[in-house]
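Report on one structure; see the data block that follows.
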Amino acid sequence: MDYFTTNIDALHDQLVAGTITSADLTKDTLAKIAEIDPEIDAFLNLNDQAQAQAEAVDAAGINKDQPLSGIPVAIKDNIVTKDLTTTAASKMLENFVPIYDATVVEKLNAAGAINVGKLNMDEFAMGSSTENSAFKTTKNAWDHTKVPGGSSGGSAAAVASGQVLAALGTDTGGSIRQPAAFNGIVGFKPTYGRVSRWGLIAFGSSLDAIGTLTRSVKDSARVLNVIAGHDEKDSTSADFDVPDFTEKIGQSIKGMKIALPEEYLGEGVDPQIVAAIQKAADQFRALGATVDTVSLPHTKYAVPAYYIIASSEASSNLQRFDGIRYGFRAKDVKNLTDVYVRSRSEGFGPEVKRRIMLGTFSLSAGFYDAYFKKAAQVRTLITEDFNKVFENYDLVMGPTTPTTAFGIGEKVTDPLTMYMNDILTIPVNLAGLPAASIPAGFVDNMPVGLQLIAKHFDESTIYQAADAFESQNDYLDLIPGGAR
Amino acid sequence: MISKDSVAHVAELSRLAFSDAELDQFTNQLDDILNMVDQLETVDTTGVPATTQSIHLQNVMREDVAVNDTKTEDLFKNVPTSKGTLIQVPAIIDKEED
């Protein structure tokens with residue numbers, strides 16, 4: 001099985017026709033992981049029930065109405081999986097075995113997908129390089145001396161290196177789109193509330209979204225079709241009808257109105273990336289869309305507002321890790337306070353502690369108005385910028401990242417430089433919008449991501465434009481290590 | 001400039017302990033981050049409401065229906081130390097005090 005030359009629909013046809021079985025596919029996938037992953041280090045933990053589950057799907061019969069039936073996928077390790085260790089890449093949860101499945105995992109299982117394993121990430125999804133994992137350093141699929149991005153770095157590298165066709169990731173400030181861009185694949189962050197967060201280990205609850213990492217645009221829509229929808233267990237999930245996200249794929253984008261914010265091509269963005277995005281704009285024009293320059297004037301305030309809001313929410317969410325009911329507990333403690341303090345101090349890594357500290361500070365007496373409240377007001381202004389543009393446009397386009405993937409070890413000691421790397425993805429989370437990163441060429445042999453952003457709950461328009469763009473280019477024909 | 005004492009206070013609120021060297025490092029890093037954040041002061045937010053959630057959902061209400069789908073023994077699978085159906089924790093009274 002070569003995942004570089006197939007897709008979900010093609011495999012589904014073969015499974016339905018009986019020319020392959022889910023058991024064969026799963027066996028091949030596990031063999032591929034055993035062959036490739038020692039170089040990439042994308043997986044934290046394999047599902048030893050995967051083969052049995054595939055056989056059960058074969059025995060029950062491939063569901064011809066369910067494109068994921070019998071198809072192996074992998075899941076970021078901050079999404080809980082029943083009876084399968086889930087660590088969020090933290091020492092705090094090193095031995096944590098969930099007793100229930102996240103809603104997205106339940107939905108994948110019900111669709112007949114086979115979860116082959118759990119993927120590496122920055123600890124508790126805090127980071128942009130996957131270097132904050134307590135367990136291993138994942139490599140970029142295109143250059144093993146470079147980071148895969150983060151926090152869903154394991155998900156992106158596993159898909160880009162051909163180990164699985166699709167993986168779930170999570171995106172709080174760019175954690176699906178940035179690693180997708182760095183690895184030359186499609187990363188899709190749906191509208192806030194489109195996908196249930198039940199069973200997602202919480203980071204920034206007003207920002208977190210579960211989404212997809214795949215090689216192709218249509219594969220992304222196939223997976224989102226399965227995981228989207230209202231969930232009574234997550235009261236922030238939206239009680240709206242879920243369309244078939246493939247509905248506009250293949251339709252012409254003639255007449256589509258696309259906005260290109262001048263701030264997204266400004267200072268700090270690699271000129272070669274700017275050129276790649278301008279080339280993409282020309283391709284959209286050639287397909288009959290209009291692309292106009294617009295302004296999102298509050299863009300530069302997104303990073304500071306985000307780090308206050310996300311860290312404040314994280315400091316609150318991570319209070320639950322106290323060493324009592326589950327998770328890491330420090331040894332030789334003197335009293336109850338000591339259990340809390342020592343368990344947290346020994347169980348959390350430096351970036352997580354930094355965010356807890358920043359968040360606790362921002363919410364503390366005397367600083368709340370100047371920091372948390374101010375950031376929440378600026379968040380409103382950033383959202384209004386988008387609202388104004390969307391009065392006249394269907395999509396916003398721009399680069400996903402200011403640079404291509406950087407070297408392992410290059411930025412990890414400098415938190416502020418690392419934070420600035422998320423400047424183009426963070427505004428979307430603050431506004432709760434859906435957005436994707438899709439392959440848009442290469443700079444110095446490293447992939448470039450094109451970001452497409454739509455109105456709330458208008459994922460289908462992103463898929464339409466992304467598919468039109470994908471069809472015009474042959475970026476999927478290039479694979480890590482050379483042309484396929 | 002945030003002081004080392006303030007950082008130590010925040011650490012206490014966060015239930016985190018740091019060595020003196022770590023505290024110095026965190027003070028410098030938090031100071032850098034807060035300097036970056038201080039550019040928010042230049043934004044006029046007079047009369048601007050705060051956003052705390054982005055898709056404007058209203059309160060969600062439902063019937064409170066009791067369900068019995070989690071077994072006590074399952075809940076205890078991840079408890080570090082237990083006795084029967086009780087979670088065992090270290091002595092709450094400080095061993096260093098009488």
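Every residue, every condition in (1) over 22 Å from A:LEU476 (Cβ atoms); (2) crowded, with 24+ Cβ neighbours inside 10 Å, yes or no:
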| residue | (1), (2) |
| --- | --- |
| A:ILE99 | yes, no |
| A:ASN109 | yes, no |
| A:ILE114 | yes, yes |
| A:MET121 | yes, yes |
| A:LYS136 | yes, no |
| A:GLY154 | no, yes |
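Give the residues of the range A:109-168 that are more than 16 Å from A:LEU46 (Cα to Cα), touching a Leu at 6+ places or on another chain (Cβ under 9 Å) and aromatic (Phe, Trp, Tyr), sorted by residue number. A:PHE124 - this is the single residue of the range A:109-168 that is more than 16 Å from A:LEU46 (Cα to Cα), touching a Leu at 6+ places or on another chain (Cβ under 9 Å) and aromatic (Phe, Trp, Tyr).
Residue check: is A:PHE469 outside any strand (DSSP E or B), within 14 Å of chain B (Cβ to nearest Cβ) and either surrounded by fewer than 19 Cβ atoms within 10 Å (Cβ to Cβ) or at pLDDT 95 or above (or both)?
Numbers: outside any strand (DSSP E or B): yes; within 14 Å of chain B (Cβ to nearest Cβ): no; either surrounded by fewer than 19 Cβ atoms within 10 Å (Cβ to Cβ) or at pLDDT 95 or above (or both): yes.
Criteria not met by A:PHE469.
When the residues of the range B:1-24 are narrowed to those that are more than 23 Å from A:PHE321 (Cα to Cα) and within 9 Å of chain A (Cβ to nearest Cβ), which ends up surrounded by the fewest Cβ atoms within 10 Å (Cβ to Cβ)? Only one residue fits best here, namely B:SER6. Restricting the range A:313-363 to residues that are aromatic (Phe, Trp, Tyr) and within 22 Å of A:THR85 (Cα to Cα), the residue that is nearest to the chain's Cα centre (by Cα) is A:PHE348. Restricted to helices (runs of 4 or more DSSP H) entirely inside the range A:306-400, those with at least 2 residues that are within 7 Å of another protein chain (Cβ to nearest Cβ) and small (Gly, Ala, Ser) are A:374-390.
Can you confirm whether the range A:242-252 contains a residue that is without any contact (Cβ under 8 Å) to a residue 60 or more places away in the chain, part of a loop (DSSP other than H, G, I, E, B), more than 23 Å from A:GLY288 (Cβ to Cβ) and out of contact with any strand residue (DSSP E or B) (no Cβ under 8 Å at 6 or more places or on another chain)?
Taking every residue of the range A:242-252 in turn, at least one turns out to be without any contact (Cβ under 8 Å) to a residue 60 or more places away in the chain, part of a loop (DSSP other than H, G, I, E, B), more than 23 Å from A:GLY288 (Cβ to Cβ) and out of contact with any strand residue (DSSP E or B) (no Cβ under 8 Å at 6 or more places or on another chain).
Screening the range A:416-433 for residues that are within 11 Å of another protein chain (Cβ to nearest Cβ) and not in a helix (DSSP H, G or I) and picking the one that is farthest from A:ALA454 (Cα to Cα) gives A:GLY432. No other residue among A:THR461, A:THR380, A:THR403 is among the polar types (S, T, N, Q), surrounded by fewer than 24 Cβ atoms within 10 Å (Cβ to Cβ) and without any contact (Cβ under 8 Å) to a residue 40 or more places away in the chain apart from A:THR380. If a residue must be of a type in the set (Lys, Arg) and under 23 Å from A:PHE240 (Cα atoms), how many such residues does the range B:55-74 contain? Residues meeting the conditions: 1.
For the range B:25-59, the tally of residues that are more than 7 Å from chain A (Cβ to nearest Cβ) and either within 30 Å of A:SER345 (Cβ to Cβ) or among the polar types (S, T, N, Q) (or both) stands at 11.
One residue stands out in the range A:57-90 among those that are surrounded by fewer than 20 Cβ atoms within 10 Å (Cβ to Cβ) and within 14 Å of chain B (Cβ to nearest Cβ): the one that is nearest to A:VAL159 (Cα to Cα), namely A:THR85.
The values are calculated or read from the model by the stated rules, or taken from the named source; none is laboratory data. Everything quoted here is computed from the prediction, not taken from an experiment. Ideal geometry is used to build each Cβ from the backbone, glycine not excepted, and the neighbour counts take in all protein chains shown.
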